[in-house]
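Bear in mind these aren't lab numbers, they're just calculated from the coordinates by the rules spelled out. Quick caveat, the model's predicted, so the values are computed rather than measured. Quick reminder, even Gly has a Cβ in these numbers, built from the backbone with ideal geometry, and neighbours come from all protein chains shown.
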Amino acid sequence: MKTKSMASTVLWIPLLLLLHPAAPLAQTATDAKIIEGAKKEGAVMWYTSMAIDQSKVVVDRFQQRYPFIKTSFLRLGGGAVMNRVLTEARAGKQLFDVVGGRGEMIQAFKERGLLGSYRSPETAMIDQDLFDKEGYWYVYYVVPNSLGYNTKLVKKEEVPKTYEELLHPKWKGRKISMDNEGYLLLQGLISAWGREKALDYMRKLAGQEPVLSRGNTERVTMTSAGEYPLVIAYAHAVEREKFKGGPMDWIALEPAVVEIDPLMIASKAPNPNAARLFLDYVLSKEGQEMLLEFQRIPVRKDVEPKPARLFRGYQRVIERPDDYRYFSENVKLFQEIFKTR
């Protein structure tokens, strides 16, 4: 599971009308009535777990596109964003317009009536498993899991090509690095294979005596340094190490479990039209191309990841919000199987 800083930051982006001429409107299909409504509202608040150096760029770019909207954001760690929204709800308040964070937020917010429905026109360029048909949530970037390997320790032809090949005796005995909170990997395989097959596989994988520890970047770095031949980690983390010159590469074990980062609009958003405009902007081609600058993996069909294979050319299973009904149980099962508690 992704772990993010719990430190909070609130940034207010000043209006640019007096400093710069208005920028031409973004290439978005947003209804003109929504844009007019957003002009009257004149503000939008985004709660996000995105890294502050990235989320600030997002609001800056949106502000430049729509200088008539005072754009503000609150940056918190993923768990803290969720707690903030739920705490406000218990007090009868909704102070945010748009919220973005982890997949686990969707079910928790939706069942409490905290999400508003909006059918974004930008979905014409997004696969159907990446947004809610009723308009309650939209994935704006993805985090695929992969099998990374040290190219000095493992020949390309010897790399396990399937989950089953990872169970070969040659990979037994501290040869595989895994996340000790890999609950979403288990949850994704249950979704793809069914409970019995997924649990049976995980028990066999535990029998391979993998090394479990936290941190994707740290584990990939250790694999690159020769600590382990193989690492189950986020594909972009392996790709980043490879780009830096490390002896690393990766493949997607199919179906690859893909974690999501969704955007949602508040059911009682103070600025509902500005919220819709903000969501459309982030999902637009311009907004998705911006995510490439952060080495994020966008979701639009007309915006290629760098490299494209990060989210192209393999079978996948997308993290599903309704699976979180069983999340606590899956956490306990993972901990029991891998003896992490």
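Some notes on this structure:
- Convex hull of alpha carbon positions in the chain: directionally averaged projected area 17.5 nm².
- With contacts taken as Cα pairs under 8 Å and at least 6 residues apart, the range 26-76 reaches a relative contact order of 47 percent.
- For the range 98-155, the calculated P(r), taken from all Cα-Cα distances in 5 Å bins from zero up to the bin holding the longest distance, is 4, 14, 23, 19, 12, 7, 6, 6, 5, 4, 1 percent.
- Volume per residue of the C-alpha convex hull in the range 78-117, rounded to whole Å³: 68 Å³
- Cross-link partners of LYS70 among lysines, defined as those whose alpha carbon lies under 16 angstrom from its own and excluding same-chain residues fewer than eight positions apart: LYS39, LYS40, LYS56.
- In nm, spacing of pseudo-spin labels at LEU153 and ALA32 (7 Å Cα→C-beta vector): 6.2 nm
- 19 Å tail of the calculated P(r), the range 235-297, as % of Cα pairs: 54 percent
- Sparse-neighbourhood loop sites, chymotrypsin sites (Phe, Trp or Tyr not before Pro) in the range 191-287 - DSSP loop, at most 14 other Cβ within 10 angstrom: none
- About the centre of its Cα atoms, the range 195-250 shows a dipole size close to 160 debye [charges on the beta carbon of Lys, Arg (+1) and Asp, Glu (-1) only; nearest 20 debye].
- The GluC sites (Glu not before Pro) of the range 86-184 that meet both conditions, a loop assignment by DSSP and at most 14 other Cβ atoms within 10 Å of the site Cβ, are GLU111, GLU134.
- Extension reserve of the PHE243-TRP193 stretch, reckoned as 0.36 nm per residue once the Cα distance is removed: 14.7 nm
- Set LYS152/LYS244; LYS244/LYS339; LYS204/LYS301 screened for pairs whose C-alpha atoms are more than 27 Å apart: LYS244/LYS339; LYS204/LYS301
- Percentage relative contact order, the range 275-341, counting C-alpha pairs under 8 Å, at least six apart: 16 percent
- Of LEU199, THR151, SER177, farthest towards positive along the dipole that unit charges on Lys, Arg, Asp, Glu beta carbons give the range 151-202: THR151
- For the pair the range 280-341 and the range 88-137, the centres of their Cα atoms are 16 angstrom apart.
- Between GLU164 and GLU329, the distance separating the two model label sites (each 7 Å from Cα on the Cα→Cβ line) works out to 2.8 nm.
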